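> Just dropping this structure here.
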Amino acid sequence: MQNKRKKTGFPENFLWGGATAATQCEGAWNVDGKGETILDHCTAGDREHPRLVTENIDSRYFYPTHTGCREYERYEEDIALYAEMGFRTYRTSINWARIYPNGDDKEPNRAGIEHYRKLFEECRKYGIEPTVTMTHYDIPWNLCVKYGGWANPKLIEFFLRYARTLFTEYKGLVKRWLTFNEINFGTVTYGEIVTSGIIPASGNLYIDDPDVTSEELSRRFQALHHEFVASAKAVTLAHEIDPENQMGCMMCGFLYYPLTSRPEDAAAAQKDMNIWNYYCMDVMCKGKYPYWAPRFWEEKGITLHITDEDLEILKKGTVDLITFSYYKSDCSSAEAAKDLGKGTNFGLPNPRLKKTQWGWGIDPSGLRYLLNEFYSRYEKPMMIVENGQGEYNEIGEDGKIHDQGHIEYLREHIRAMKKALEDGVDLIGYTTWSAIDIVAASTGEMKKRYGFIYVDADDEGNGTYDRFRKDSFYWYKRVIESNGEDLGDDERGE
Ligand code: BG6
């Protein structure tokens, strides 16, 4: 057999870009007919203080989604900046409550539809293809309160109504859709169940309750099942409305290494990879639950209502594309294997890795590892739709923002992607997290900055919200111009 392998570099049409999410960037939480989402009820927090979910909007607290980085009003300016960097795609999300304010409305809100139309047209004006997440944690509040979130199968119908509106209204403008952001995150981690529209009884955004009852677990995993069915139906519908639609699942890319070379630790890492990644990915990519799922349900006392019709829907509605976020890796050990129920603490820290300012283990070679891992299992095209590090940035005395940390982090991850491409992985694009400074999802902080563009705003919503190009802005522009060849190894970003 002839060896035809040697391909180097990024494909010519590689989709370089950046990402955001509606609730973290838009602000304008109660204008133009928009309804409230569960995230509009989440207060700001920080590393020591969890965000709270309050029943009413309480004037004693600051709610960061209410301001975001004011992208709703400033999207033209932002997209012009993305175009200046040379973005080929912009990943953002649609806020469900702008389109269906209460989630169960019969008719959509025209003002919301028109806002996103203008935004997507603005992207297309510069040749930027939108990559659009349909739900990035923003479930209409009414669906949470009145129906109990995704635990209620009625949400499948409401989501499909929303999906039909999006696919019809934006036909031709948007061709790449991701159904649920990081679907493996909320339920499977027992952590942010708000992502399933379930209001945590504890009132904390992160509920760290290893002693959760099997009844409660059943409710959460049933909610996840309903999301799977809704996603699969949306995939089928999108293909019917426009065969050119490319439908993706969006996963949080969890990577676990065994903490030591002991076989027991390797088994713990395998179990974590299975539960945290493949429980959801197998359903969305292969159209069926993994073979070990029944044993897992039994061990946890989880009872689910899954019909034969559901199983057919899942089989039919597998995704075309795998997209995932990648930030860090962690370790697993047999001793610490309480497996689930870890809240924000997703695993054991790897003692060999440097950490970001927020304590996340920096592991670029893990990205190559995970790309190969996922590709060998599914052999579908892939796109990394979030990757970056949160850091403190400030405007220096020279008036510039020297965010060398971002540059170094991204450079090494781009190198890892290049190696994965050379391995033969079918990687079609990369959108960094985030395109611009936005509100952090876990803590609600503005000072945890990920963007190429600095936004003059603090954690309480003070500031001009003016935009400033960071060093990484100029650096990324060169990366894109050179299609990933010039990683600016010896220079600063300017
Ligand atoms: C991902 C989410 O989990 O991580 C984003 O999809 C989030 O919404 C990102 O912003 C980074 O996390 P954080 O908490 O630092 O914003």
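> Determine whether Lys477 is more than 16 Å from the ligand (Cβ to nearest atom) and among the basic types (Lys, Arg).
Taking the combined requirement at face value, the residue satisfies it.
> Now for a separate question. List the pairs whose first member sits in the range 424-440 and is open to solvent by 10 Å² or more (accessible area, probe 1.4 Å), whose second member is within 16 Å of the ligand (Cβ to nearest atom) and not in a loop (DSSP other than H, G, I, E, B), and whose Cβ atoms are under 8 Å apart, counting only residues at least 6 apart or on separate chains?
From the range 424-440, the pairs are Ile428/Met383; Trp433/Gly18; Trp433/Ala19; Trp433/Ser325; Trp433/Glu386.
> Something else now. Pull out all pairs, ordered by first then second residue, where Cβ-Cβ is under 7 Å, the residues are six or more apart or on different chains, the first lies in the range 53-79 and is within 26 Å of Ser196 (Cα to Cα), and the second is assigned to a loop (DSSP other than H, G, I, E, B) and open to solvent by 40 Å² or more (accessible area, probe 1.4 Å).
Note: pairs meeting the criteria are Val53/Ile199; Thr54/Tyr61; Phe62/Glu460; Tyr63/Ile57; Thr65/Trp29; His66/Trp29.
> For Thr135, all conditions in the list (1) crowded, with 23+ Cβ neighbours inside 10 Å; (2) away from the ligand (no atom under 16 Å from the Cβ) hold save one; what is the number of the exception?
Answer for Thr135: the failing condition is (2).
> Starting from residues that are without any contact (Cβ under 8 Å) to a residue 60 or more places away in the chain and not in a loop (DSSP other than H, G, I, E, B), keep the ones in the range 348-366 and report whichever is least open to solvent (accessible area, probe 1.4 Å).
Among those residues, the one meeting the criterion is Gly361.
> Give the residues of the range 139-149 that are touching a Lys or Arg at 6+ places or on another chain (Cβ under 9 Å) and either open to solvent by less than 10 Å² (accessible area, probe 1.4 Å) or within 16 Å of the ligand (Cβ to nearest atom) (or both), sorted by residue number.
Matches in the range 139-149: Leu143 only.
> Shifting gears a bit: Considering only residues that are open to solvent by less than 50 Å² (accessible area, probe 1.4 Å) and assigned to a loop (DSSP other than H, G, I, E, B), which ones fall in the range 250-276?
Passing the criteria: Gly253, Phe254, Leu255.
> Something else now. Scan the range 94-101 and give yes if some residue there is in contact with a strand residue (DSSP E or B) (Cβ under 9 Å, 6 or more places away or on another chain), open to solvent by 10 Å² or more (accessible area, probe 1.4 Å) and more than 19 Å from Val319 (Cα to Cα), otherwise no.
Scanning the range 94-101 turns up at least one residue that is in contact with a strand residue (DSSP E or B) (Cβ under 9 Å, 6 or more places away or on another chain), open to solvent by 10 Å² or more (accessible area, probe 1.4 Å) and more than 19 Å from Val319 (Cα to Cα).
> Tally up the residues in the range 398-409 that are touching a strand residue (DSSP E or B) at 6+ places or on another chain (Cβ under 8 Å), within 16 Å of the ligand (Cβ to nearest atom) and open to solvent by less than 20 Å² (accessible area, probe 1.4 Å), please.
So the answer is 2.
> Assuming Thr179 fulfils every condition listed in (1) closer than 20 Å to Val439 by Cβ; (2) within 16 Å of the ligand (Cβ to nearest atom); (3) hydroxyl-bearing (Ser, Thr, Tyr) apart from one, which condition is it?
(1)
> Inspect the range 410-432 for any residue being on the phi < 0 side of the Ramachandran plot and within 12 Å of the ligand (Cβ to nearest atom) and give the result as yes or no.
Among the residues of the range 410-432, at least one is on the phi < 0 side of the Ramachandran plot and within 12 Å of the ligand (Cβ to nearest atom), which makes the answer yes.
> Quickly run through the range 290-304 and pick out the residues that are part of a loop (DSSP other than H, G, I, E, B) and either touching a residue at least 24 places away in the same chain (Cβ under 8 Å) or open to solvent by less than 10 Å² (accessible area, probe 1.4 Å) (or both).
Pro290, Gly301, Ile302, Thr303, Leu304
> Separate question: With the requirement that a residue be away from the ligand (no atom under 16 Å from the Cβ), farther than 18 Å from Leu81 by Cα and in contact with a Phe, Trp or Tyr (Cβ under 8 Å, 6 or more places away or on another chain), what does the range 447-474 give you?
Glu460, Gly461
> Lys419: touching a residue at least 40 places away in the same chain (Cβ under 8 Å) and open to solvent by 30 Å² or more (accessible area, probe 1.4 Å), yes or no?
Criteria met by Lys419.
> Does Gly361 qualify as being modelled with pLDDT under 95, within 21 Å of the chain's Cα centre (by Cα) and within 16 Å of the ligand (Cβ to nearest atom)?
yes
The values are calculated or read from the model by the stated rules, or taken from the named source; none is laboratory data. None of the values given here were measured: they were computed from a predicted structure. With ideal geometry, Cβ positions are generated from the backbone for all residues, glycine too; neighbour counts draw on all protein chains shown. Just so you know, the surface numbers come from the protein's heavy atoms only, side chains and all, with ligands and any DNA or RNA stripped out. Shrake-Rupley method; radii C 1.70, N 1.55, O 1.52, S 1.80 Å.
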